[in-house]
Amino acid sequence: MKHGKIETAVGIFVLIGILCSGYLAVRLGRMELLGGDFYRLDAMFNSVSGLKKGAIVEISGVAVGRVAGISLDPSSQMARVALEVKNGVSLHDDAIASVKTSGLIGDKYVSISPGGSANDLKSGDTIIDTESPLDIEALIGKYMVGSVK
C-alpha cells in the first residue's frame, strides 16, 4: 500500500519536471506555440538576398519581431516578406523597411524606420517603402573592372 503512494508521488513529480523542462525549452528557444503576441505585416522588396525566415525585425536597434516567411509575389515578381511585429509596437503607413547586415559578413535582418504619419498600419497591411540589401559582390565586380565612378 505504501509503495503505491510513493510511486504515484514520484510519477507526479517526474511529470511536473518534464512539463517544466518543455516550457523552458520553448521559451529559451523563442518558439511560440499558440501564435504569440504578434501582428502580421507584409513588405515588398526588389531583392531579399540572404534574408532568412526567423531573422530579426528591429526598430532603432531594438528587436520587435521576426521574419515569418519569404515568398515571391506572382503578380509583381517582387519578394513578399511576412513580418511578425510585437503587439504594442506602433508603425505608421509611411514606415520604411530595409534589409540590413549585422557586421561585415553577418546575418541579414529587417530594420524598420517607423515613420511619422497619423495613420497606423494594422495587421495584414503592407509596407510599401522598402530598401533592398546592398549587393557587395556586384559592387566589387564593378570596381574590379573599373566601371564604378
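The values are calculated or read from the model by the stated rules, or taken from the named source; none is laboratory data. Just so it is clear, the model here is predicted, and its values are computed rather than measured. Note: ideal-geometry Cβ built from the backbone for every residue, glycine included; neighbour counts use all protein chains shown.
Values computed for the structure shown
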| read-out | value |
| --- | --- |
| Filtered residues of region 39-57 (kept if among the basic types (Lys, Arg) and over 10 Å from the mean Cα position of the chain (by Cα)) | Arg40 |
| Conditions (1) in contact with a Ser or Thr (Cβ under 6 Å, 6 or more places away or on another chain); (2) farther than 19 Å from Leu134 by Cα; (3) not aliphatic (A, V, I, L, M): number failed by Gly69 | (1) |
| Among residues of region 53-75, those that are farther than 14 Å from Thr126 by Cα and either part of a loop (DSSP other than H, G, I, E, B) or charged (D, E, K, R) (or both), counted | 9 |
| In region 103-136, the residues that are among the acidic types (Asp, Glu), outside any loop (DSSP other than H, G, I, E, B) and within 15 Å of Ser47 (Cα to Cα) | Asp129, Glu131 |
| Residue list for region 50-84, restricted to those being among the β-branched types (Val, Ile, Thr) and out of contact with any Lys or Arg (no Cβ under 7 Å at 6 or more places or on another chain) | Ile59, Val62, Val81 |
| All positions within region 90-125 that are under 20 Å from Asp73 (Cβ atoms), hydroxyl-bearing (Ser, Thr, Tyr) and crowded, with 16+ Cβ neighbours inside 10 Å | Ser98 |
| Members of region 64-84 that are surrounded by fewer than 10 Cβ atoms within 10 Å (Cβ to Cβ) and over 16 Å from Ser47 (Cβ atoms) | Pro74, Ser75 |
| Within region 88-112, considering residues that are modelled with pLDDT under 90 and among the polar types (S, T, N, Q), the one farthest from Asp135 (Cα to Cα) | Ser90 |
